[in-house]
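Working notes for the structure below.
The values are calculated or read from the model by the stated rules, or taken from the named source; none is laboratory data. Everything quoted here is computed from the prediction, not taken from an experiment. In this analysis, Cβ positions are derived from the backbone assuming ideal geometry, glycine residues included, and neighbour counts consider all displayed protein chains.
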Ligand code: F6R
C-alpha cells in the first residue's frame, strides 16, 4: 500500500533522503510517486507515474536546480508512493497534493470516507480540484481554515471533520513545521541523536540507516514537529501524549537484499534460521494462550490471504493434535459473524505486518464486545500488537518481499506449538519443530534449488497450475496457489484432493501441471489416488513428498516431519513460484497490483 516519508532537520540534501526513503518503502507496492520540498517561500513538487527505479536526486536537480540559498535552515521534505484507490494511476492523482494557493502540501495513506461531502462544500466555496483523489480535499480544507487560524489549528479543525482510516503528513508554506496524524494506517517517527532531526515513515526500514530510535504514533494521535521538538497529542481530546522512545534492534542489513538478487529468495533461504527463532517462545506465554483457548467460549483464528491459510492449517493442527475445534474466519468476513460473539470469545489474529485493515477491523469488532485478542505477529511494534492482550512474536525479521514466506512458516510453527500446548505436550511439539528446522537447514541447498529450477523450466509456459492436498496440507494447497499466482502470474488454484472429482477435474487436460502435496500420514494413500485420477486425464504430476511414488512425473523430496508437513511442503512451492517469476521476467518482490501491507478494506 502507499508509503509515506518525511524529513525534518538540518541536512542539506533533504530530497535525497526522501527519495532514498521512498525506495526503501517500494516493497509495499505502488504505482506512482512524488516528493515535495519546502523552500524559503514556496514548494518544489515533483510527481511521476510508475516506479522510482533508478531515479535519483541528481535527476531531480536537472528538473529543478536547487541551491542552498533557496532553502530555510531547517529543511522539510516529504514523499509518497501511491497505490491507487480513489482515481486512476496518473500524475495528477499522485501525491503530494496541494491546496488552492499552495499554502498547504500533504501526503496521505488510507481513505477519507466522507470526502465527497467535504468536496461539495469546498466546490461551493469556489475551490477547484486538480485530482480525482479523496486526499485533495484535506489540503483545501486546511487552507480554508487557515483564513481564520494558524496552520496547526487549521489542521486540527480539518482533521476533526475527516472520517475514515488514514495516515497523513502536512507541511505549510509559511511555517517550519511538520504535522502528522494517524487513524488506522501506520506512521512511525524516527528521532536522530542530532538535535532536532526527525523522520516520519510508514515503516522503520525507510529511515533505519539514520536512526533506530523510534516513537510510534497510535490511532487518533498527531505529532507536531518544529524547532522546539516533537509534541504528541490526542486528536480527539487535544491532550498531550507522552511517547516512549523505542530502540529498534534490527540491523540495517536485515532489511537489505545483501548478496541475493531479490528479497523473496533471501527470505525463503532465511527459513534455515527463522524457524528456530519462531520456536523460541516463552513457554509461559504459550501456556497462557492455551489456557485462554480452553476457557474461551469460541476461539476464532483470523487472518487474510496467506495468514488466512495459516489459520486454516491451525484448524487441522488443533483437531489432530489437541482434539479441539477452533473457528477460522478471514479478516474481511469476521464482522459478519459478530452475532455469535460474546465477551467470552477469543480472537487469535495471525498477521505478518500487524497492519492489515481487514484483520484490524476484526479486532475492533471483538474488542467492542469485550472479547480477548491474541496476536501471532512478525511486526511486534504494529497496531495489532498494541491492540492485543497477548502477542506471540514470529521473530522472522523484516519481511520485505510482497509474497510472504519466512513469516508464514514461523506462523505455522507457532500454531503447531499452541496445538501441542493444549494437551500439555509443548515439549513434544518443540522437539518436532527443532527437528524440522534442522531438516529445512539441510534441504535448502543449491542442489535443491537446481532440482526445482529444472521443473520451473518445464512448466514456465503453463497457463494453469493446480495444487492438491488433503488434511493438514489442504490449506497449503490453497497457499501454494497464492504464492504461484502472485509472483508468476500463472493461473493457479488449490483444491482439497477429494474435491477434484466433484467438478474441478474437468479442468485437467494434456500436460496440465498438478502439484500434489503429500504427507506421510493418514491422508497419503488418498492424495496419491487423487493424483492418479489427474494423471489418468493427462495431468503432469509433481509430487512434493518425503517418498517417491509411481504416479509422480516429477518428484521434489521433502523431509518426513510428521505434523510439520505443512511447513516443509510449502517451501519448495515458494522456490518454484520465485523461479517462475524470474523466468517470466516478473519482479517477484513487487508483483503487479499487490501491496505488502494491505491497509485498506
Ligand atoms: C501473500 C501475502 C498476503 C498476506 C495478507 C495478510 O503472500 O503475503 O496474502 O498474507 O495480505 O497480510 P498480513 O500477514 O500482514 O496481515
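Just a few scattered comments:
- Any hit, the stretch 469-480, residues being at pLDDT 95 or above, over 28 Å from the mean Cα position of the chain (by Cα) and closer than 21 Å to residue 406 by Cα: no
- The residues on offer are 321, 286, and the sole one that is away from the ligand (no atom under 16 Å from the Cβ), more than 23 Å from the chain's Cα centre (by Cα) and closer than 20 Å to residue 380 by Cβ is 286.
- Filtered residues of the stretch 337-364 (kept if more than 16 Å from the ligand (Cβ to nearest atom) and more than 19 Å from residue 415 (Cβ to Cβ)): 337, 338, 339, 340, 341, 342, 343, 344
- Total residues in the stretch 390-401, condition surrounded by fewer than 24 Cβ atoms within 10 Å (Cβ to Cβ) and within 9 Å of the ligand (Cβ to nearest atom): 0
- Here 335, 320 are screened, and the one residue that is out of contact with any strand residue (DSSP E or B) (no Cβ under 9 Å at 6 or more places or on another chain), surrounded by fewer than 22 Cβ atoms within 10 Å (Cβ to Cβ) and modelled with pLDDT under 95 is 335.
- Residue 387 in contact (Cβ under 8 Å) with a residue 24 or more places away in the chain and either more than 30 Å from residue 189 (Cβ to Cβ) or within 10 Å of the ligand (Cβ to nearest atom) (or both): no
- Those residues of the stretch 377-399 which are within 20 Å of residue 25 (Cα to Cα) and either out of contact with any strand residue (DSSP E or B) (no Cβ under 9 Å at 6 or more places or on another chain) or outside the structural domain of residue 294 (by TED's automatic domain parsing) (or both), in sequence order: 396, 397, 398, 399
- Only residues that are touching a strand residue (DSSP E or B) at 6+ places or on another chain (Cβ under 8 Å) and either at positive phi or surrounded by fewer than 22 Cβ atoms within 10 Å (Cβ to Cβ) (or both) were counted in the stretch 192-206, giving 5.
- The lone exception for residue 305 - which of (1) on the phi > 0 side of the Ramachandran plot; (2) away from the ligand (no atom under 16 Å from the Cβ); (3) surrounded by 15 or more Cβ atoms within 10 Å (Cβ to Cβ) it fails: (2)
- Cβ-Cβ contacts under 6 Å between residues 6 or more apart (or on different chains), taken from a first residue in the stretch 329-344 that is in contact (Cβ under 8 Å) with a residue 40 or more places away in the chain to a second residue that is within 14 Å of the ligand (Cβ to nearest atom), are listed as 332/358.
- Residues satisfying the stated conditions in the stretch 360-418, i.e. in a strand (DSSP E or B) and touching a helix residue (DSSP H, G or I) at 6+ places or on another chain (Cβ under 8 Å): 372, 373, 374, 375, 376, 377, 390, 391, 392
- Members of the stretch 300-310 that are in contact with a strand residue (DSSP E or B) (Cβ under 7 Å, 6 or more places away or on another chain) and closer than 17 Å to residue 565 by Cβ: 310
- Test for residue 374: is it without any contact (Cβ under 8 Å) to a residue 24 or more places away in the chain, more than 8 Å from the ligand (Cβ to nearest atom) and in contact with a strand residue (DSSP E or B) (Cβ under 7 Å, 6 or more places away or on another chain): no
- Boolean, residue 100 is at negative phi, without any contact (Cβ under 8 Å) to a residue 60 or more places away in the chain and surrounded by 16 or more Cβ atoms within 10 Å (Cβ to Cβ): yes
- Residue within the stretch 137-150 that is assigned by TED's automatic domain parsing to the domain that holds residue 232 and surrounded by fewer than 13 Cβ atoms within 10 Å (Cβ to Cβ) present: yes
- Check on residue 243, over 20 Å from residue 386 (Cα atoms) and either at pLDDT below 90 or crowded, with 17+ Cβ neighbours inside 10 Å (or both): no
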